[in-house]
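The block underneath contains the structure these notes are about, expressed in structure tokens.
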Amino acid sequence: MNAAVKVSNRRILGDVDDFVEVCGQQAWFFSEGWIDLHTAVDNLQRLAELWGLIEEVGQDAIQALMADAFAPMPELPSGYAAQLLMRFELDDERDRWKWTGELPPKPEPQTELPPRKPYQTPQSTIDAFLHVARSESTEYLTDWLTRHPLDAPHLHKLWKAKCSTAPAT
């Protein structure tokens, strides 16, 4: 008696070792932000189905291989971090003394800031003041000067000088 032959659409393109390699590549794509996690896992699941790996090793084994590839990297031992810090500090002239017993370097002298220039009324404010003063509205001029308290003394001097040099009409 002849039984029907089961034909699957399995393509033998790789084995479990190849699948582990592809898992690593998909995990890298995910870590770089090129694809999201769901896309990576879906790609791997479809690949395992096409290669017939689910029938060969089982779904649980395939998922375990995927989980291993996407597991976070283990933390480095604290001794490694300390050694790395020590090497960085030994290479830096400013920090070498912490490890060698040398005296710390003398701090560089602080440069003094240049003296701050006193406030000076900008030319645009002077021009605006002259425009407002010509408007002959005392209320508007008073209001404008109250909004420019730092400029008012200088503008008052300019106005006095301008009035004393103006020709009499």
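Quick notes
- List W28, W51, W34, ordered by accessible area with a 1.4 Å probe, largest first: W34, W28, W51
- Ligands, DNA and RNA left out, the accessible area of the chain computed with a 1.4 Å probe is 58% carbon and sulfur.
- Residue-normalised accessible area of the chain, expressed per residue, 1.4 Å probe, Å²: 84 Å²
- For the chain, the alpha-carbon radius of gyration amounts to 2.60 times the rule-of-thumb value 2.2 N^0.38 Å expected for a compact globular protein.
- Selection from G24, P122, P105 lying farthest towards where the dipole of the chain points positive, charges on Cβ: P122
- In this simple spin-label model, placing a label point 7 Å from the Cα along the Cα-to-Cβ direction at both T165 and D36 gives a separation of 7.3 nm.
- Pairwise FRET efficiency - R87 versus L113, Cβ, R0 = 41 Å, nearest 0.05: 0.65
- Over the chain, dividing the summed -39,500 (n - 2.57) contributions of all DSSP H runs of at least 4 residues by the number of residues returns a 222 nm mean residue ellipticity of -18000 deg cm²/dmol.
- Sequence of F88, F70, F129 when ordered by accessible area, the most exposed leading, probe 1.4 angstrom: F88, F70, F129
- Of all lysines in the structure, those lying under 22 Å Cα to Cα from K117, and not within fewer than 8 positions of it along the same chain, are K157.
- Simple spin-label estimate for E56 and L141 in nanometres, 7 Å along Cα-Cβ: 9.7 nm
- With every protein chain in place and a 1.4 angstrom probe, the accessible-area ranking of C23, C163, largest first, reads C163, C23.
- Between L85, L145, L47, the Gaussian network model of the chain with springs among Cα atoms under 10 angstrom shows the greatest mean-square fluctuation at L145.
- Local charge for R96 was computed over the other residues whose Cβ lies under 10 Å away, with Lys and Arg +1 and Asp and Glu -1, and equals -4.
The values are calculated or read from the model by the stated rules, or taken from the named source; none is laboratory data. None of the values given here were measured: they were computed from a predicted structure. All Cβ positions, even for glycine, are placed from backbone atoms using ideal geometry, and neighbour counts span all protein chains on display. Note: accessible area is taken over every heavy atom of the protein model, side chains too, but ligands, DNA and RNA are not part of it. Shrake-Rupley method; radii C 1.70, N 1.55, O 1.52, S 1.80 Å.
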